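Quick note: the coordinates plus some simple rules give every number you see, no bench work behind them. Since the structure is predicted, the reported quantities are computational estimates derived from the model, not experimental observations. We place every Cβ from the backbone using ideal geometry, glycine too, and count neighbours over all the protein chains shown.
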Amino acid sequence: MAAETPKSARIYSIDILRGVVMIIMALDHVRDYFHINASTDSPTNLATTTPVLFFTRWITHFCAPTFVLLAGVSAYLAGQKKTKKELSRFLITRGVWLVLVEMLIISFAWTFNPLYNLIILQVIWAIGISMIILGIFARFSYHVILFTGLLIVFCHNLLDYPEAAQQGNLGFFWDLVHHAFFAHYQLFQHYGITIVYAFLPWTGIMMVGYGIGRLFAKGFSGIQRKKILFGAGAALVLVFLILRFINAYGDPSPWSVQNSPLYSILSFINVTKYPPSLDYIGVTIGISLMVLALLDNVSGKSLQFLVVFGRVPFFYYVLHLYLIHLSVMLIFLLEKLPAKDIGPMHTAFLFRPDYFGFSLWVVYVIWILLILLVYPLCKWYSGYKATHHAWWLSYL
């Protein structure tokens, strides 16, 4: 977003927070490909994880919900320059574009399978579908959108009960909407689809973000905005704490006392991402809103490194995925690993056999090097977007 207007400080705060979550997101993706146990064990499995490995994964929980929330904020701000009809058309067409990108560009980045035997529906798909739905709702009033978003966020876990009664065997469309946790469906012979992100809770988050967008428009002072953002964030964190202590609603996976106080804490904060539970949304969005409030008066120049990533999130997302997977493939070829191991056993990532990988500290080194590598490319593209105004740039 451009920063020529008096509202630049507000836009900077959005870009900075988005830049932070984009950088943290890359850590999880580097871990997926380069950590020795990434293909065979979960970093949040309390029986096998370490605190450092757990938090390496847990900190990245903030990325997707914060990014989706800020996408909703950006949608509201984009609507300030458009009619309701124009905004609706823009969001729907951009949403369709993102769904196609997920299927054709992002799935290939993850798998490197030129035959497209597997399509993976992840965060870009969820954002795309959510934009289509928000585009439909954009013709309604602001209050209808905000209320619908809050209703989804706070009530979607009611669906956990009928899902549990059916033991998760609910079918393709239910998985698509709410239940999916890496649910796989074989569509044709040798061709399948894996649903990682069921879209309904993410749609609720985006609608809430749209509602928050009004705080960044004319009519709100910095003091008002910071007070509302921080108060709403603190309230969400309180909701998380209360519901988690009650251990009855808000997350399908209850916490339990472990063998040590530290691991009991890990169990307490080990909330469900697929689909994002109310507890998960409460702790992640709550803290993100408080951070957004604290960033309100921060100068973009002082944190330009973060602003660059925050202004070109789509470009960064595609670029970093391809660089990570290309790096893995290069190591595979340089190590002259056997061709039979190109196709892995427990993941869809070609050239990433189960026995491949490094210690966690190496993962962190690779992550830092990746960020330093993509920064100049993102800075160039950010500058290009700032000086060119072709219509297609709004889709990239």
How big is the antiparallel share of DSSP beta bridges in the chain, given as a percent to the nearest 5? 50
Under a cut-off of 19 Å between alpha-carbon atoms, report the aspartates and glutamates in cross-link reach of LYS226, not counting same-chain residues fewer than 8 places apart. ASP15, ASP296
Within the range 187-205, which residues have the backbone N less than 18 Å from the label spot 7 Å out from LEU158 along Cα→beta-carbon, could you tell me? 200-205
Greater than 23 Å apart at Cα, pairs in LYS81/LYS218; LYS227/LYS385; LYS82/LYS273; LYS273/LYS301; LYS85/LYS218; LYS82/LYS385: LYS227/LYS385; LYS82/LYS273; LYS273/LYS301
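What is the Å³ per residue value for the convex hull set by the Cα atoms of the range 285-396? Don't jump to the answer; show the numbers that get you there.
Values: hull volume 20.0 nm³, N = 112.
Expressed per residue, the convex hull around the Cα atoms of the range 285-396 is 179 Å³.
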Over the chain, what portion of Cα pair distances is larger than 32 Å, expressed as a whole percent? 34
For 182-188, 276-282, 377-383, ranked highest to lowest by mean beta-carbon neighbours within 10 Å, the order is 276-282, 377-383, 182-188
Label ASN247 and SER260 with points 7 Å out from Cα along Cα→Cβ: what is the distance between them in nm? 2.1
Arrange the peptides 338-349, 120-131 so that the one whose residues have, on average, the most other Cβ atoms within 10 Å appears first. 120-131, 338-349
10 Å-binned pair-distance histogram of the range 206-265 (Cα, whole percent): 19, 33, 24, 18, 6, 0
